[in-house]
Amino acid sequence: MDLELFDDDKRLTTAHTDLVKKLVAFAGTELKLADDTEMSITIVDDAEINRINREYRDTDRVTDVISFAIEEGDEELHGFEDIPRNIGDLFIDPDQVARQAEDYGHSFERELGYTVVHGFLHLNGYDHIQADDEAVMIPLQEKILSAYGLTR
């Protein structure tokens, strides 16, 4: 995985940044993505994630992660097979992640991992709105987190 991680305000520690990078690489391997698959994660605060949520999802509240998938489905771009696939962008609010970790009785690391994998799966076409989609996405998410070692 080719991950660009933007954390201009240094909201994550070096250890947490390393966790995110290693977990994305691990999840990419689990999904058998090409090594040159690209994505980005931008770390933001409550105000910025609320603005993004309001502007792009018409929901005026803070959330932990927002995903913007670039590609929908598995359609091929003929003539561009040699260009790395870019799956999209995640915006993560570590303050909301910390609140959720406390609410759920998880460590910050477990909740950060959950948030990263959840958004990552959305970028790869997984969803949980319909019950049958949720029955695929959530077990896969737990499988990846458990295999990585981030258990409840």
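The values are calculated or read from the model by the stated rules, or taken from the named source; none is laboratory data. Just so it is clear, the structure is predicted and the values come from calculations on it, not from any experiment. Note that each Cβ is placed from the backbone with ideal geometry, even for glycine, and that neighbours are counted across all protein chains shown.
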- Query: Could we say that Thr14 is over 18 Å from Arg110 (Cβ atoms) and surrounded by fewer than 16 Cβ atoms within 10 Å (Cβ to Cβ) here?
  - Reply: yes
- Message: So if I check each of Asp45, Asp8, Asp60, which one is touching a helix residue (DSSP H, G or I) at 6+ places or on another chain (Cβ under 7 Å), farther than 23 Å from Ser146 by Cβ and loosely packed, with under 14 Cβ neighbours inside 10 Å?
- Response: Asp60
- Just to be sure, is Val62 assigned to a loop (DSSP other than H, G, I, E, B), modelled with pLDDT of 95 or more and either aliphatic (A, V, I, L, M) or touching a Cys at 6+ places or on another chain (Cβ under 9 Å) (or both)? yes
- For residues that are polar (S, T, N, Q) and either in contact with a strand residue (DSSP E or B) (Cβ under 9 Å, 6 or more places away or on another chain) or outside any helix (DSSP H, G or I) (or both), scanning just region 2-48, find the one that is nearest to Asp64 (Cα to Cα). Thr42
- Message: Pairs please, first residue from region 11-29 and touching a residue at least 24 places away in the same chain (Cβ under 8 Å), second anywhere and β-branched (Val, Ile, Thr) and outside any helix (DSSP H, G or I), Cβ atoms under 7 Å, 6+ apart in sequence or on different chains.
- Response: Arg11/Ile43; Leu12/Ile43; Val20/Ile41; Gly28/Thr37
